[in-house]
1. Between Glu67 and residues 5 or more places away or on another chain, which pairs have amide H atoms under 5 Å apart, with H built 1.01 Å from N, and which residues are they?
2. Amide H to amide H, which residues 5 or more places from Trp13 or on other chains are under 5 Å from it, using H placed in the peptide plane?
3. How many nm separate the modelled label positions at Asp62 and Ala106, each set 7 Å beyond the Cα in the direction of the Cβ?
4. Modelled label-to-label distance, Leu17 and Tyr3, 7 Å Cα→beta-carbon offset: nm?
5. Go through Lys40, Lys95, Lys121 and list them by solvent-accessible area, largest first, probe radius 1.4 Å.
6. Aspartates and glutamates within cross-link reach of Lys95: Cα-Cα under 19 Å, excluding same-chain residues under 8 positions apart?
7. Taking amide H atoms as placed 1.01 Å from N in the peptide plane, list the residues 5 or more away in sequence, or in a different chain, whose amide H sits under 5 Å from that of Ala99.
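The values are calculated or read from the model by the stated rules, or taken from the named source; none is laboratory data. What you see is a predicted model, and the numbers here were worked out from it, not measured in a lab. Note that each Cβ is placed from the backbone with ideal geometry, even for glycine, and that neighbours are counted across all protein chains shown. The protein model used for the area step is the full one, side chains on, heavy atoms only, and it has no ligands, DNA or RNA in it. Shrake-Rupley method; radii C 1.70, N 1.55, O 1.52, S 1.80 Å.
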Amino acid sequence: MTYPDGGVYEGSWDHGLRQGQGTFKYPNGDSYVGSWSQGKKSGQGIYFSFAGSCWYSGVWKDGNFQEGEWLVLFRFISCFPHHKLSCVQFKDRSKYIGAFRDGKPAPGEGVFVFPNGNRLKGQWVCSCAP
């Protein structure tokens, strides 16, 4: 199905909602391939961000990334699902290991590893605007 904004969905439907396995291609070049429940990303899936050149691969719930791998600039980094930790590596080969919630680093303990191997361990604090 093609939406008025140019988005395209190919996959299973149930009562007019995306359900089961499917692929959604967003008008901006992003795409999601994976499971859907009641019209939202839910279960295992991979979201590719065209502008950010990154992927979110893992578990989704109610349309939000819950846990798994955040792959940036085509660099694969390990995921630690039994600890609910993920690791992201940046272009300069530095990386952040910590918990993620809704596709972003979650408050709590994390480790930043510099390209030379030095490590900075501390608490991630949300500095979100009210």
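1. Here the answer is Val59, since their amide H atoms fall under 5 Å of that of Glu67.
2. For Trp13, whose amide H was placed from the backbone, the distant partners under 5 Å are Gln19.
3. Roughly 1.4 nm, to one decimal.
4. 1.5
5. On the way: Lys40 100, Lys95 65, Lys121 140 Å².
Per-residue accessible area, sorted high to low, gives Lys121, Lys40, Lys95.
6. Glu67, Glu69, Glu109
7. Ser86, Ala106
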